[in-house]
1. Cut-off 11 Å, label point 7 angstrom out along Cα-to-Cβ of residue 448: give me the residues of the range 581-605 whose amide nitrogen falls inside.
2. Ranked by Cβ crowding within 10 angstrom, fewest neighbours first, how are 188, 613 ordered?
3. What list do you get for 278, 296, 436 if you sort them by fewest beta carbons within 10 Å?
4. Quick one: 140, 184, fewest Cβ neighbours within 10 Å first, how do they rank?
5. Would you compute the Debye intensity of the range 104-260 from its alpha-carbon atoms alone, equal scatterers and no solvent, and pass along log10 I(q)/I(0) at q = 0.18, 0.21 Å⁻¹ to two decimals?
6. Given 0.36 nm per residue, what is the gain on full extension from residue 291 to residue 92 after removing their alpha carbon distance, in nm?
7. State, as an integer percentage, the relative contact order of the range 528-607 based on alpha-carbon contacts under 8 Å between residues 6 or more apart.
8. With a point put 7 Å past each Cα toward its Cβ, work out how far residue 247 is from residue 154 in nm, to one decimal.
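Readers should treat all values here as calculations from the given coordinates under stated rules, not as data from a laboratory. Quick caveat: nothing in here was measured; it's all calculated off a predicted structure. Note that each Cβ is placed from the backbone with ideal geometry, even for glycine, and that neighbours are counted across all protein chains shown.
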Ligand code: ADP
Ligand code: MG
């Protein structure tokens with residue numbers, strides 16, 4: 001039998017490689033822009049026609065190529081950026097496998113014009129489907145211009161797979177943003193079908209973000225910076241109230257290279273977890289500088305995925321840096337867009353052990369007081385509503401409450417112990433009613449105010465549990481007939497580990513065997529109806545939080561129990577109970593957002609209400 005194995009011709013091999021590197025016009029844009037940056041260009045122009053189907057051209061004023069290099073650059077594994085495999089771990093450029101141009105040339109018609117500054121003439125090269133059609137000397141500007149026409153002319157499957165022009169162009173824009181955001185010192189311009197779409201002058205990151213995403217970003221961002229001798233973090237994060245429900249502008253760069261890294265993205269989102277509602281996404285623009293030898297970019301042909309040597313360390317550092325900035329944001333009265341963070345952020349001295357800083361809250365700040373000293377809009381504004389949370393008027397309300405004997409009662413006690421108010425309601429009373437036991441409706445300073453009871457209760461419980469875990473354990477009421485609960489082996493193990501925390505929260509548990517526990521005591525003053533469900537759901541939520549890398553053990557335990565209990569609220573029967581409840585909310589450090597990020601209070605001014613009737 002004759003031999004059947006043969007080597008694939010280069011053109012075919014390149015075409016196959018192109019399948020990995022070049023998925024759509026935007027992939028070409030990314031590779032060409034990155035090459036221009038690597039060539040040391042100061043001005044980079046991207047010219048696109050028909051969302052890249054007919055033309056993608058990048059013109060740069062970088063170092064250019066010699067006559068021979070202009071030919072070589074289209075060979076596979078032809079690169080000036082590395083010599084040995086080890087160099088992959090020392091990369092400071094954006095290239096790495098010398099594959100991009102070879103791949104592009106295999107599936108398009110490419111025209112290259114290039115000239116080095118110290119040469120008199122330049123080079124022109126035409127290549128179509130890996131076949132060189134022309135290689136001549138030519139007169140041209142210093143730098144390089146590469147035009148890619150008729151992309152996928154010989155790969156109909158790919159061409160048919162392309163989406164509409166608007167979708168493809170938005171991918172192109174996205175690549176353009178990613179490169180231009182990491183190289184603010186360079187000027188970039190983008191033209192589509194003969195029209196200038198974006199022209200970016202050399203600037204700094206904040207101006208670049210605003211130039212790219214619009215003026216409204218100006219007030220939405222807060223700087224973040226933290227330096228150590230093994231990692232530097234810098235950039236901007238959005239204020240919590242500017243989080244968006246849909247995909248937000250989230251840009252993570254490592255060593256000035258855009259990366260997609262779910263864990264790092266989570267490190268940022270998690271830092272907001274108590275401050276934005278579930279499902280909302282904060283915008284961020286963060287660059288992490290690490291030693292190139294500690295990352296591996298060789299895991300995907302498009303270089304967007306990277307592997308970090310010590311993911312946990314980077315995660316923890318990033319998470320605490322963002323938390324710290326959010327905490328500072330709360331204390332900075334007016335966010336000054338030109339505020340430079342490096343000056344008052346305590347930089348860790350070399351060798352300092354990393355600690356998770358707490359989110360700092362201003363203990364004196366109370367949105368229910370009208371003359372609050374802290375003007376953080378984080379607390380003041382309603383999360384997604386357009387109305388500001390007007391706090392004036394709450395102080396009168398507070399004074400009213402102080403004269404009543406409700407301040408020492410806990411919410412639980414209120415439910416069971418407070419007598420029904422049988423007296424004639426006083427003048428203040430008409431201001432508070434409940435709807436469906438889900439909302440408290442209050443008229444405060446002429447504003448209609450809605451308080452979401454379950455979310456508020458979650459906040460009250462969370463802060464109460466946290467203080468129980470830190471210093472004031474909740475009393476235990478011994479059960480006459482201990483209930484037995486059954487758990488899976490994994491949850492039983494978790495429960496054994498959490499026994500001291502649950503004890504502080506009022507639950508005394510004793511293991512009977514590997515999966516059964518007796519609940520010998522429950523929180524003082526509370527009637528527990530379904531302990532099996534409470535403990536089981538508590539452990540479930542605790543485990544989810546661990547998995548999602550939530551903060552410390554105490555915070556996680558407090559948050560998990562509060563989440564279980566907030567829906568087990570019975571009824572706020574009387575005005576007195578409502579007031580007692582609101583009073584406890586007022587005593588919380590944060591009143592406007594529940595620990596799982598849900599909005600608690602929303603207000604409407606009379607003008608907002610009138611506008612409902614305008615139509
Ligand atoms: P890589 O960027 O991984 O090296 P490419 O295929 O993208 O691989 O490019 C191959 C080589 O061509 C580069 O290493 C570089 O030397 C040269 N090159 C590509 N684009 C340019 C450019 N715009 N200006 C100067 N040289 C370039
Ligand atoms: Mg390249």
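1. Within reach of a label on residue 448, which here means backbone N under 11 Å from a point 7 Å along Cα→Cβ, the range 581-605 contributes 603-605.
2. 613, 188
3. Numbers: 278 9, 296 14, 436 6.
Listed from fewest to most nearby Cβ atoms, that is 436, 278, 296.
4. If I rank by nearby Cβ atoms, fewest first, I get 140, 184.
5. Log-scaled intensity ratios, in q order: -1.22, -1.37.
6. 70.7 nm
7. Values: 31 pairs, mean separation 17.2, N = 80.
With pairs under 8 Å counted, the relative contact order is 21 percent.
8. 3.2
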